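Below is one structure, written out as structure tokens; the observations come after it.
The values are calculated or read from the model by the stated rules, or taken from the named source; none is laboratory data. Bear in mind that the values here come from a model prediction, so they are computed numbers and not experimental data. Don't worry about glycine lacking a Cβ; one is built from the backbone with ideal geometry, like all the others, and counts go over all protein chains shown. Each accessible area value is taken on the protein alone, full model and side chains, heavy atoms only, with ligands, DNA and RNA left out. Shrake-Rupley method; radii C 1.70, N 1.55, O 1.52, S 1.80 Å.
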Amino acid sequence: MRELVSAIRQDVKAYLRLDPATSNVFQLIFFNASFHGLILYRLSHLFYHWKLYPLAYIVYYLKRVLFSMDIHPAAEIEPGVVIDHGIGVVIGATASVKSGTVIYHGVTLGAKRICSGKRHPDVGRNVLIGAGAKILGPIKIGDNAVIGANAVVLQDVPENATAVGIPARILRRDTDAELDRQHTNGEIVHRTESVREDREEQPVGQRER
């Protein structure tokens, strides 16, 4: 039970640090549904660890009904993880998520095929997973990686890398993606015009879809 209390305290600190919409502890505890779902996951995980499976699955079912979050009690989520909005999040039984990671709504940490054993991904520390992203199979997402919104990730993502697209392609954050600053209006216009010119030069039928 001490571990549960300690984990919730670290979750509170993570929400205050990583969720701009959370301004104070009062708001988080009483009005943040995704935080409530995360607490219920931790409770069901505790019961699962104690082999009190009926209690674990009752809390698990309650969480699914109340908050539309499907996080299996056997999943391993370290303290200090933020689930933002929470609706539509699915995390499989053999998945793991480490501290500092932010998971947006509609994210799936799932399997690629029907099989027993390890079949879900391992997500490292300080990872950002965009809304609607699907990370499938027993793959590894490195520390400080960024998964773009609606990306479908089917292969390992190295540390400090970005994965975008369907299926996802890997970009190096330090060269291909400047994610730590806002682009100026001039840069946005220049990049937009360059993309438009490249597409116009491609023969009809060979343009990217």
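3J(HN,Hα) couplings calculated from phi for region 16-26 with the Karplus curve 6.51 cos²θ - 1.76 cosθ + 1.60 (θ = phi - 60°) are, in sequence order, 5, 8, 10, 10, x, 7, 9, 9, 7, 5, 4 Hz; Gly and Pro show x.
Dimensions of region 1-128 from C-alpha coordinates, computed as largest minus smallest value along each principal axis and given longest first, are 43, 29, 25 Å. The slack between L4 and Y61, meaning 0.36 nm per residue of separation minus the straight C-alpha distance, is 18.6 nm. Work out, in µm²/s and without decimals, the Stokes-Einstein translational diffusion coefficient of region 72-143 at 20 °C, 1.002 mPa s, Rh from Kirkwood over C-alpha pairs. The calculation lands on 181 µm²/s. Once the chain from A93 to K51 is taken as fully extended at 0.36 nm per residue, the excess over their C-alpha distance is 13.6 nm. Site pair A131 and C115 shows an inter-label distance of 3.3 nm when each label is modelled 7 Å from Cα along Cα→Cβ. Backbone amide hydrogens, once placed in the peptide plane, bring A151 within less than 5 Å of A133, K134, G165, excluding anything fewer than 5 places away on its chain. Once backbone amide H atoms are built at 1.01 Å from N, I77 has V97 as its partners under 5 Å, excluding neighbours fewer than 5 places away on the same chain. Accessible surface for region 11-67, divided over its residues, is 60 Å² per residue with a 1.4 Å probe. Solvent-accessible area per residue in region 118-165 equals 37 Å², computed with a 1.4 angstrom probe and all protein chains kept. Accessible area of region 57-131 with a 1.4 Å probe: how many percent of it is carbon plus sulfur? Heavy-atom surface of region 57-131 belonging to carbon and sulfur, 1.4 Å probe: 59 percent.
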